[in-house]
1. From the list ARG279, ARG310, ARG273, pick out the single residue that is assigned to a helix (DSSP H, G or I), open to solvent by 40 Å² or more (accessible area, probe 1.4 Å) and modelled with pLDDT of 85 or more.
2. Whether any residue in region 47-55 is out of contact with any strand residue (DSSP E or B) (no Cβ under 6 Å at 6 or more places or on another chain), aromatic (Phe, Trp, Tyr), assigned to a strand (DSSP E or B) and at pLDDT 90 or above is what I want to check.
3. Take the residues of region 411-437 that are among the small types (Gly, Ala, Ser) and under 37 Å from the mean Cα position of the chain (by Cα): which is farthest from ALA311 (Cα to Cα)?
4. Could you tell me how many of the residues in region 160-206 are in contact with a helix residue (DSSP H, G or I) (Cβ under 8 Å, 6 or more places away or on another chain), open to solvent by less than 20 Å² (accessible area, probe 1.4 Å) and at pLDDT below 75?
5. Could you list all residues from region 398-428 that are open to solvent by less than 50 Å² (accessible area, probe 1.4 Å) and basic (Lys, Arg)?
6. Restricting to region 150-166, count the residues that are of a type in the set (Val, Ile, Thr) and not in a strand (DSSP E or B).
7. Just to be sure I understand, how many residues within region 360-389 are modelled with pLDDT under 70 and under 26 Å from LEU514 (Cβ atoms)?
8. Looking only at region 15-34, which residues are assigned to a loop (DSSP other than H, G, I, E, B) and open to solvent by 20 Å² or more (accessible area, probe 1.4 Å)?
Amino acid sequence: MTLARVPVIEVISPSGNQSPVPLEPVPFLIGRQADNHLVLRDNRASRSHARIVWESGDYVVEDLNSRNGITVNGERCGRAKLNEGDVIGFGVEDSYELVFRGAGQENTIAPATGLRRLRSILEVARTLTGALSTDHVLASLLEAALSVTQCERGFVLLREGTGLAVRIGRDASGMVLSEDELAVPRDVLGRALEQRSELLSMTLDGHGHIVCVPLLRVSMAGGEETAMLGTVKDTVGLLYLDSRGMRADLSGTSRELLQSLAVEASMILENARLIEQERLKLRMEQELDLARTIQRDLLPDQFPESGWFRAWGVTISSGQVGGDYFDLMPVGEERWAAVMADVSGKGVSSALLASFLQGVFLVATGETTSAARVMERVNRFLLTRTHGEKYATLVLVTMDRAGRLVWVNAGHCRPLLWRRTGEVFELKSAGMPVGMLEEATWDIYRQQLEVGDLLVMYTDGCSEAQDRKGEMFGVRRVGESLLRYAPHGARAVAEGLCREVDAFANGEEHADDLTVLVVEYRGEA
């Protein structure tokens, strides 16, 4: 239905700012949510608080099941017909009021006074203490800036790459303005920002009188102290105001208040950035904790401590999610297989690949599958998934009931073999890491074990652990630890070696995960 006349509502904000708003379209939606026709920047208002409708020749205001309800001329009601001069309230003190005016009424809004400007600043202070979003607080600051300068429109623009993008826009009545409604070329604003580091006032053809105030980056100097970084390069955005009808009020007091508001806006943006940074850091730490837990749970939690084959493994986390992995499994009734791998790099991607390698190892290792075939499958898996960007060092050993040891080493730390005679030596190694070249090959080695022989596999987090002077633990100390603990079995070696590495570091944080796996041949005893 087409209305012959469009009435007006006078919007009186909590700061005392009064602005006429045409009552269109109808239904006219009012509330805190941004898609309302009139946005109430008061956290006590409901998202969809009320609406004004046309009904049987009259305008009617209706409450939309809001939290605090509505009043008309101070009386609480659910709905009411509007007459000339009726005042709509929103159920709480010091909030917005709307005065209904018929079509053709003259706007008799008084000019801003010092008292009203002070109320604007106090309203900003109240908003800052409320649990509002950054956009709500910036909107309150923008409203105060419009009240101080008597401008018609305002926008907060933030740097985005090399340009400026609108973060929020409002007119003097509180109506939301879109980015398209700014209409001022960004390069013009960019040049204004580059040319001046303080408040800039000018007249621009087609846009009337405009005011630009840079928003400067805030440096937290420690505690509650802050420092404004005032060079052009330190600007994070721009507070833009314009007025076609009259020049902005930039008297001394107004200028100081406006610049104070710009400082508040800068601090709000910096606080929001720091809060978001802390939130991302916390979320990352939670995700890493979860990844570490999952990675730890994928490792064996039970080891064979009796019978002809015995083993024990230990992993000490460096505080990061790493690519260390070990596993062992029976292959039929007469043979065991053990593997240790270290995926290049750190972080979640390396941890995921290490976990995937576990699955590949379990699938590829069968009673009739040769070690060479297992390595080919693992190599192909990594190449297919990472295209050569990730690789892993890996050592795979098998041991049978008769004491036959078979191993293949793909660029990993050489395992140490302790013989019951007291001799310690490194197992031979040849071959590049898996996941680097499709045509890679690996040599297979064999060794006959005697009852009581013991094999130690470890990652470079063990041999390359450093003390406070930067000296590495080294392979020699690994061998010395093996000599001390080997007579007491696999568990004593694994746990004793980790204790000695930790004592050697003497409180220094491990740069890499420390992982040890020990297997022991006990024969038929």
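The values are calculated or read from the model by the stated rules, or taken from the named source; none is laboratory data. Bear in mind the structure is a predicted one, so any value in this text is a computation, not a measurement. As a convention, Cβ positions derive from the backbone with ideal geometry for all residues, glycine included, and neighbour counts pool all protein chains shown. Each accessible area value is taken on the protein alone, full model and side chains, heavy atoms only, with ligands, DNA and RNA left out. Shrake-Rupley method; radii C 1.70, N 1.55, O 1.52, S 1.80 Å.
1. On the way: ARG310 fails: assigned to a helix (DSSP H, G or I); ARG273 fails: modelled with pLDDT of 85 or more.
After applying the criteria, what remains is ARG279.
2. Of the residues in region 47-55, the ones out of contact with any strand residue (DSSP E or B) (no Cβ under 6 Å at 6 or more places or on another chain) are 54-55.
Imposing the further condition that a residue be aromatic (Phe, Trp, Tyr) reduces the set to 54.
From the residues that got through so far, the ones that are assigned to a strand (DSSP E or B) too are 54.
Restricting the remaining residues to those that are at pLDDT 90 or above gives 54.
Taking every residue of region 47-55 in turn, at least one turns out to be out of contact with any strand residue (DSSP E or B) (no Cβ under 6 Å at 6 or more places or on another chain), aromatic (Phe, Trp, Tyr), assigned to a strand (DSSP E or B) and at pLDDT 90 or above.
3. Just the residues of region 411-437 that are among the small types (Gly, Ala, Ser), to begin with: 411, 422, 429-431, 435.
Then drop every residue that is not under 37 Å from the mean Cα position of the chain (by Cα), which leaves 411, 435.
Working: GLY411: 23, GLY435: 28 Å.
In this case the residue turns out to be GLY435.
4. Number satisfying all stated conditions: 2.
5. ARG419
6. Going through region 150-166, the residues of a type in the set (Val, Ile, Thr) turn out to be 156, 162, 166.
With not in a strand (DSSP E or B) added as a condition, the list becomes 162.
Final tally of qualifying residues: 1.
7. Looking only at region 360-389, we keep the residues that are modelled with pLDDT under 70, and these are 360, 362-369.
Add one more test, that the residue is under 26 Å from LEU514 (Cβ atoms), and what stays is 360, 362, 365.
Looking only at that region, the number is 3.
8. Restricting attention to region 15-34, the residues satisfying the condition of being assigned to a loop (DSSP other than H, G, I, E, B) are 15-17, 23-27, 32-34.
GLU24, PRO25, VAL26, PRO27, ARG32, GLN33, ALA34 - these are the residues of region 15-34 that are assigned to a loop (DSSP other than H, G, I, E, B) and open to solvent by 20 Å² or more (accessible area, probe 1.4 Å).
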